[in-house]
Amino acid sequence: LEIGRWREGWEGWKNTYATGDRRRRFYGDTIPEWNGQMGKSVIVYGDQGVGDELFYASMLPEMGQLCRKVILDCHPRLTELFKRSFPNFEVHGTRKDLTELPWLRDCDAEAAIGMADLPCLLRNTADEWGEGKAYLKADLSVGRLVSAKRPCIGLSWTGGTKRTRTDLRSLPIEALVPILLARPDAQWYSLQYTPDAARQVCELEERTGIRIAHYPGWVECFDYDRTAEFVASLDLVITVCTTVHHLAGSLGVPVWTLVPSRPSWRYQVKGERLPWYASARLFRQGADGDWSGPIAQVAKELTCL
């Protein structure tokens, strides 16, 4: 997957069930796994993190063309965003529920499949990725949420968990200072969802005088639809490898992503572009732990905007 050998990669990806990294979700003894057959009523479910669901959602429009009906069992934080983006789907934010699902009996499902298994059916060549166009839709009915008088840029500096190598994917907020100084005319917004983010931005302002606005109700909310609305209002997002990278890319918002020297396959092993997000640019580390190169490159690019 890292080097774009898609067909072999997706076949190997099935082994993540055997290792316990993923678990199949069963909807009764009579509903088999979907094999791509057309004209079926199919449940598709998320089985990893919110960022993964956003990433794999790029294949849902194509699935909608193949299936008579699509029932989407998603993370509860994504329910409203997916309902707006896929209005012809039946959407339930119940994939975390371990009890009986009230909608299952009447949904008329004939098969089911995990979202992360869709690429094995739909993305086996480079051409099948398409042009990386936006496929999610934010609620823009209330208009722009941030000031249009200054460049509005969102920032995220911490990603992942210990299990998913947060040590490789994160950097201290102080490391962003060269980026912040590159555009003193910009309005900076925190997209950091971690509990200590508000304290971090306040302490940075205390030390440097640089203000990053942090609104917990926009970035720490249970309903990710509000975060999507916020991100869609920005001119640019600068982030580490975390969920907001996938959100901005799937919305078509320009996103510059700081990538460690040993990234997940979702960021590939080289290059500054990705086949699934046309709006994304990658700024890569040269060596483990050394963010000085990509930080300097981003700062230089900002002065040219």
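Tabulated data
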{"quantity": "Kirkwood Rh in Å, taken over region 1-105 so that all alpha-carbon pairs contribute", "calculated": "15.0 Å"}
{"quantity": "Given charges at Cβ of Lys, Arg, Asp, Glu: region 49-120 dipole, positive-most of Met63, Asn88, Ala109", "calculated": "Asn88"}
{"quantity": "Cα-based radius of gyration of region 198-305 once divided by 2.2 N^0.38 Å, which approximates compact folds", "calculated": "1.13"}
{"quantity": "Per-residue [θ]222 nm for the chain (sum of -39500 (n - 2.57) over DSSP H runs n ≥ 4, rounded to 500)", "calculated": "-8000 deg cm²/dmol"}
{"quantity": "Gained length - Asp290 relative to Tyr215, 0.36 nm times residue gap less alpha-carbon distance", "calculated": "24.0 nm"}
{"quantity": "Distance between modelled label sites at Asp167 and Arg199, nm, 7 Å Cα→Cβ extension", "calculated": "2.2 nm"}
{"quantity": "Candidates Ser250, Ser261, Ser141, ranked by Gaussian network fluctuation over the chain, Cα under 10 Å, top entry", "calculated": "Ser141"}
{"quantity": "Estimated inter-spin distance, Ala126 and Glu33, nm [label 7 Å along Cα→Cβ]", "calculated": "2.9 nm"}
{"quantity": "Alpha-carbon spread of region 3-51, three principal axes, descending order, Å", "calculated": "36, 25, 22"}
{"quantity": "Rounded percent of accessible protein surface that carbon and sulfur make up, the chain, 1.4 Å probe", "calculated": "51 percent"}
{"quantity": "Å² per residue, accessible surface of the chain at 1.4 Å", "calculated": "47 Å²"}
{"quantity": "Relative contact order (%) - region 253-305, alpha-carbon pairs under 8 angstrom, separation at least six", "calculated": "37 percent"}
{"quantity": "Global form of the chain, assessed from the alpha-carbon gyration tensor, a/c cut-off 1.5", "calculated": "prolate"}
{"quantity": "For region 163-260, convex hull volume per residue from C-alpha positions, Å³", "calculated": "109 Å³"}
{"quantity": "Electrostatic dipole magnitude of the chain [Cβ: Lys, Arg +1; Asp, Glu -1; Cα centre; debye, to 20]", "calculated": "440 debye"}
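The values are calculated or read from the model by the stated rules, or taken from the named source; none is laboratory data. Being a predicted model, the structure only gives us computed values, none of them experimental. Cβ coordinates were reconstructed from backbone atoms using ideal geometry, including for glycine residues, and neighbour counts include every protein chain displayed. Heads up: the accessible areas ignore ligands, DNA and RNA and are worked out on the full protein's heavy atoms, side chains in. Shrake-Rupley method; radii C 1.70, N 1.55, O 1.52, S 1.80 Å.
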